[in-house]
Structures are given as structure tokens and as C-alpha cells.
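Visitor: Take this structure first; my questions come after.
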Amino acid sequence: MEMEQLVSLCKRRGFLFQSSEIYGGLQGFWDYGPLGVELKRNVREAWWQDMVTAHDHLEPAPGAPGTHEMTGLDCSIIMHPQIWKCSGHYDLFHDYMVDCRESNKRYRHDQVEGRWVEYNGTRIFVASYGAGNEAAARIEQKALKFFKLRAKQKERLQWDEPIVALTTVDDTSQVLGPDAKKLDTLTEPREFNLMFKTIVGALGGEEDAAFLRPETAQGIFVNFKNVLDSTRVKIPFGIAQIGKSFRNEITPRNFTFRSREFEQMEIEFFCHPDTSMKWYEYWRDRRFRWYTDMGLSGDRLQLRDHDSDELAHYSKACCDIEYAFPFLADGEFGELEGVAHRSDFDLRSHSEGKLVAEGDGFAVEKDEHGQPKHRGSGKDLRYYDDQTKERYLPHVIEPSAGADRATLAFLCEAYCEDEVPDEKGKATKRVFLKFHPRLAPIKAAVFPLVKKDGMPEVARKIYRALKPHMNVFYDEKGAVGRRYRRQDEIGTPFCITVDGQTMTDGTVTVRDRDTLKQWRVKTEDCVSEIQTRLMQ
Ligand code: GAP
């Protein structure tokens with residue numbers, strides 16, 4: 001599947017639109033259309049149901065070291081600015097960017113790649129922005145153009161190494177920027193904080209500056225004590241939250257994959273330090289399985305454990321659940337979710353102040369006067385176990401997923417094409433979205449075969465019977481084959497058709513989107529038939 005085909009389907013059928021499109025769009029922002037909003041809502045609801053409401057806290061879940069409880073939160077997007085100072089986001093949540101003085105374009109430093117090439121005694125680094133299968137061809141084209149060579153002279157170019165990141169290049173004077181025609185147009189890398197700043201209150205000045213949250217997680221940490229004090233949850237337990245996060249990404253791209261406004265589905269799971277690695281393993285496997293249960297195929301999904309040099313200094317283990325998105329080069333995967341063992345870093349930070357690595361552990365960072373650089377709340381966030389009489393700071397396992405990335409992966413995975421005979425028996429191309437029934441925006445469509453002979457009346461009755469239970473669509477316009485195709489293209493798993501036989505024996509046909517099989521059921525059994533099949 002080419003990404004353009006999916007992007008075009010998403011626009012044509014109302015899944016996703018560029019934000020502010022009639023004004024030329026705003027980069028990094030997206031609007032979900034009438035079908036997209038249903039799809040993303042189903043993703044969120046499946047996650048919430050599977051992680052929170054349907055969780056049985058009386059029995060250990062398969063693979064879990066014991067029983068656990070799950071609860072939820074919905075925190076504000078703008079929170080006290082000190083939260084971001086103690087969490088480290090204020091000082092550290094930045095990317096490095098480079099600007100091109102010739103093209104006026106800005107790039108994320110770690111995402112510019114290129115190759116060293118030599119011709120006629122001149123050795124240059126030809127840069128390209130964005131990997132992908134075309135990067136090598138783009139670099140070659142640029143090199144030929146720079147050295148004023150024709151395609152048939154390409155053998156004269158002497159390439160050094162394979163493609164490497166610009167971050168490996170110390171002296172940029174010989175770099176040909178991704179959109180430049182001359183050498184040495186890129187600036188030194190500069191830090192750029194990714195948090196969106198805003199001002200709270202009508203009279204606010206710089207001291208009233210606040211931030212749109214770049215992750216939902218911190219709202220959970222700062223409410224840890226509130227949840228403990230207002231419920232009867234006992235460790236181990238998890239707090240889940242779904243909500244918008246904002247990051248002023250330098251280069252938003254790849255459809256909704258990297259946006260500036262996006263939604264996260266995060267769990268902070270609090271447990272005893274002694275069992276924390278077992279809980280980490282449980283969550284890693286549980287979250288991976290969730291994606292396969294929802295229809296992502298095993299060969300496009302991978303679990304990548306972080307090497308020890310990739311781990312944050314406070315983290316004991318971390319892995320990414322990754323998907324082979326079609327916009328990536330062959331063999332490359334993009335992150336869907338991170339599962340991290342965060343030790344007691346976050347609760348300690350919000351209690352004592354911003355922490356920095358010191359020796360084997362970490363300590364409160366001090367300013368030039370020996371005072372905490374960013375003071376914590378001073379609240380004791382330890383947990384008291386009234387059975388063992390132990391008071392301790394719990395360790396945290398954090399499965400952190402993106403609702404938009406998951407939705408995009410489900411869309412990519414669902415896109416299928418096949419050939420089916422049309423009404424005249426001629427094989428024609430069919431595009432269909434093979435969504436898991438739980439995720440499909442519309443669960444069933446109801447059609448009268450023709451707009452006469454009492455068929456619309458029966459079909460409307462079936463539609464009304466289904467409506468209180470699920471999202472159903474009624475359509476009586478055009479040839480029935482075309483109506484089937486329209487539903488296939490938006491991923492409706494079942495179509496119910498009222499035909500001539502319905503009027504004599506009270507049965508209708510039910511058609512399966514994927515197999516195209518049709519079978520008959522009694523009109524009055526339509527609700528239970530569709531409900532049963534949606535659960536399978
Ligand atoms: N609290 C941990 C945290 O926020 P993260 O890896 O920065 O970790 C978690 O983000 C998830 O949020 C990612 O795996 C991804 O699914 C999603 N995400 C992060 N940045 C995103 C962006 N710019 N656009 C869309 N989704 C994003």
C-alpha cells in the first residue's frame with residue numbers, strides 16, 4: 001500500500017482532514033472527520049475498557065505476578081508550571097535543530113542524513129531530510145547536480161560510507177544541505193524547547209507563563225496522593241488517563257504520526273520496588289498483545305528492548321512497541337508506544353525537586369547558591385502498607401501509547417485491495433478497510449434491495465432495531481453493488497439486505513465484508529446476529 005492511497009481515502013471518505021484547510025492548513029495539526037472521530041473514539045474506548053473498566057482485580061491477569069487494581073483520571077491540560085520544572089521538561093525537553101541560511105528551512109538535527117562523496121578531489125557530505133527508500137536516490141541526484149554531471153556519468157562519483165546521520169559530521173563547511181545548492185549553509189545545532197507556552201490570566205506577564213502539557217503522565221504523578229486518599233486502592237495499582245498533549249515539534253510529518261497536538265493513552269502503574277521488574281515484564285507483554293488482539297499483524301509489529309545506553313539514568317528497563325508504517329523505509333519501524341520502568345524518579349521529583357544523576361543514583365539538582373534548582377512540592381508521597389507496616393516510595397511502570405499513532409497503524413493495517421466481480425460479472429478492483437469489528441466506525445449497514453414493494457419499510461425497521469446498540473447506516477440509493485463497495489471502503493463489517501425473499505419468508509441476507517459470504521437470518525434476529533458476530 002502506498003501512503004498516498006490511504007491519505008486520499010482518509011480525505012475522500014471523511015476520516016482525516018488537514019486542520020484549517022480552507023486557510024491553507026496548519027502544519028502538524030489534524031481534524032478527524034465524521035468517520036475518523038468514530039474510529040479514534042473506538043480506539044480510545046477499546047483501550048479504556050481493556051485496561052481499566054473490564055479489568056478483573058480479584059484474579060491475577062494472565063502473566064501478572066499477582067492481582068492489581070486499575071482506576072482513571074482526567075487532569076487539566078494546563079497545570080502549575082513548577083510541575084514541568086521538577087519533571088525535567090522545562091530544562092531538558094528539547095530537540096536540536098539546524099537552519100539552512102539558503103533555503104530558510106529548519107530541520108531536526110538528528111533527522112538529517114547524508115553520504116560523503118568525492119569527485120575530482122572535492123569531498124562533500126550530501127544531506128537529505130527524511131529517510132525512506134528514496135533517500136539514496138535523492139542523495140545521488142543532488143550529488144550529480146552539484147558536480148554538474150549527467151546520470152550516465154554517475155560512476156565517476158566515489159561514495160564513502162553508507163548513509164549516516166548529520167550528527168556524525170563535526171565540520172559542516174563541506175555539507176550540502178537538504179534543500180541547498182551551495183555548501184556550508186547549515187547553522188550550528190540549537191536547542192529548541194518543545195513545550196507550548198501560554199499566559200494565564202488577563203493581566204499576565206512572563207511570571208504567569210504556563211505550558212500546555214507535553215504528556216498526560218505528570219498529571220497522574222501529582223494526583224497520586226489524591227487518588228490514594230479518596231479511594232481504597234492498594235498497591236499494586238495503575239492510574240490511566242487519556243487526553244491531549246502538545247509538543248511544538250520542529251518537523252511534524254508522516255500524516256498524523258508526528259503532530260503538534262495529539263492524544264495519549266497513558267498508565268502509571270505503582271508497585272513495590274521488589275516486584276517492579278515482574279510488573280514491567282507483565283505490562284510489556286500485555287500491551288504488545290493488545291495491538292495484536294486489535295488486529296495488527298505480528299510481522300509488522302515488533303517489541304524493541306532498549307539497550308542499556310539508551311535508557312534514561314533513572315530507568316531500569318524500557319522497550320518500544322513499534323509498527324512498520326508504510327511511509328518508512330523497508331525494515332524500519334516507528335514507535336507506537338513506550339513501556340518504561342521509571343523507578344521512583346517521578347514521585348521523588350515532585351516531592352523533593354528536580355533530580356539529576358549522581359553516582360549510581362540521583363540527587364536534587366542545586367543552583368549556584370546550593371539551593372534546589374527547582375523545588376519540589378515538599379509533600380510526602382510515600383505509600384504506607386498497613387499490612388507490612390512499611391512506608392516506601394513506589395516504583396512506576398509506564399505504558400505510554402499514542403491514540404493517533406495507534407489509529408494510524410490500524411488504518412494502515414486495515415487497507416486492502418482485491419478483485420471481485422461487479423453486477424455484470426466483470427472482475428473489478430475493490431478497496432476495503434479490514435478493521436477489527438470493535439474499531440470499525442460503522443458496525444452494520446442496512447439496505448432495501450429496491451426502493452419499492454415494502455422493502456424500505458422493513459429495512460428501516462431493522463435499522464431502528466439496531467440503532468440503540470451500535471452505529472448503523474441506512475442506504476437506499478443506487479445499485480446495491482455500489483452500496484456494498486461504499487461500505488467496504490469505510491470498513492463496515494456487515495451489510496444487511498432486504499430483498500424479494502424477505503417479503504415471503506421474513507429473512508434477510510447478511511454479507512461479510514472480508515469473505516463476501518452471504519447468509520440468511522430472520523428479520524427479528526438481526527440484532528443478536530450482528531452483536532454475536534461483532535464479539536467474535
Ligand atoms: N510519558 C511518556 C511519554 O510521553 P513519549 O515516548 O514521548 O513518552 C508516548 O510519548 C507516545 O505518545 C509515543 O509512543 C507516541 O505514540 C505518542 N506521541 C509522542 N509524540 C507524538 C507526536 N508528536 N505525535 C503523535 N504522537 C506522539
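The values are calculated or read from the model by the stated rules, or taken from the named source; none is laboratory data. The structure displayed is predicted, hence computed values, not measured ones. Counting neighbours? That spans all protein chains shown, and the Cβs are built from the backbone with ideal geometry, glycine included. We work out accessible area using only protein heavy atoms, side chains counted, and drop any ligands, DNA or RNA first. Shrake-Rupley method; radii C 1.70, N 1.55, O 1.52, S 1.80 Å.
Visitor: Could you check how much of the accessible area of the stretch 326-484 is carbon and sulfur, as a whole percent, using a 1.4 Å probe?
Guide: 47
Visitor: Roughly what would the spin-label model give for Asp171 and Cys75, points 7 Å off Cα along C-beta, in nm?
Guide: 4.8
Visitor: Rounded, prolate or oblate: which one fits the chain, using the alpha carbon gyration tensor with axes a ≥ b ≥ c (rounded when a/c is under 1.5, else prolate when a/b beats b/c, else oblate)?
Guide: Cα axes put the chain in the oblate bin.
Visitor: So what J values fall out for the stretch 398-407 if you push phi through Karplus, 6.51 cos²θ - 1.76 cosθ + 1.60 with θ = phi - 60°, rounded to Hz, Gly and Pro as x?
Guide: Each residue of the stretch 398-407 in turn: 10, x, 10, 10, x, 5, 6, 5, 5, 4 Hz.
Visitor: Provide the packing ranking of 43-56, 445-458, i.e. peptides ordered by the mean count of other C-beta atoms within 10 Å per residue, highest first.
Guide: Ranking, from highest mean packing down: 445-458, 43-56.
Visitor: Let me ask another. Just the accessible area for Glu365, please: 1.4 Å probe, Å², rounded to the nearest 10?
Guide: Here the accessible area works out near 40 Å².
Visitor: Still on this structure, please answer the following. Quick one: of Lys148/Lys182; Lys316/Lys366; Lys424/Lys451; Lys278/Lys316; Lys316/Lys389, which pairs are farther than 18 Å apart, Cα to Cα?
Guide: Going by Cα-Cα distance, Lys316/Lys366; Lys424/Lys451; Lys316/Lys389 fall outside the 18 Å limit.
Visitor: Net charge within 9 Å of Ala317 by Cβ-Cβ distance, Lys/Arg positive one each and Asp/Glu negative one each, not counting Ala317 itself?
Guide: Here the charged neighbours net out to 0.
Visitor: In nm, to one decimal, how far is the modelled label at Glu21 from the one at Asp422, with both set 7 Å along Cα→Cβ?
Guide: If labels sit at Glu21 and Asp422, their model points lie 2.6 nm apart.
Visitor: Considering amide H positions built from the backbone, and no H for Pro or chain starts, which residues 5 or more places from Phe211, or on another chain, come under 5 Å of its amide H?
Guide: Met79, Thr198
Visitor: Could you give the length gained on full extension between Lys148 and Asp380, defined as 0.36 nm per residue of separation minus the Cα-Cα distance, in nm?
Guide: Fully extending the segment from Lys148 to Asp380 adds 76.7 nm.
Visitor: Suppose the chain between Glu59 and Ala363 were pulled fully straight at 0.36 nm per residue; how much longer would it get relative to their current alpha carbon spacing?
Guide: 105.6 nm
Visitor: Say R0 is 45 Å: what FRET efficiency, to the nearest 0.05, do Phe93 and Lys522 get from their beta-carbon distance?
Guide: So, using R0 = 45 Å, E works out to roughly 0.15.
Visitor: Something else: Just add up the charged neighbours of Arg300: K/R +1, D/E -1, any other residue whose Cβ is under 10 Å from the Cβ of Arg300.
Guide: Net charge around Arg300: -3.
Visitor: What whole-number value in Å² describes the accessible area per residue of the chain for a 1.4 Å probe?
Guide: With the other protein chains kept in place, the chain gives 49 Å² per residue.
Visitor: Sticking with this one: So what are the ³J(HN,Hα) numbers for the stretch 429-445, from phi and the Karplus equation (6.51, -1.76, 1.60; θ = phi - 60°), rounded to whole Hz, Gly and Pro as x?
Guide: Values per residue, Gly and Pro as x: 5, 10, 9, 9, 9, 8, 5, 4, x, 5, 9, 4, x, 10, 8, 8, 10 Hz.
Visitor: Just to check I understand the Karplus step: with θ = phi - 60° and J = 6.51 cos²θ - 1.76 cosθ + 1.60, what whole-Hz values come out for the stretch 448-460, glycine and proline as x?
Guide: Ordered by residue, 3J(HN,Hα) equals x, 4, 10, 8, 7, 6, x, 5, x, 4, 5, 4, 5 Hz.
Visitor: Related question: What do you reckon, how do Ile490, Ile235 stack up by accessible area (1.4 Å probe), largest on top?
Guide: Listed by decreasing accessible area, they come as Ile235, Ile490.
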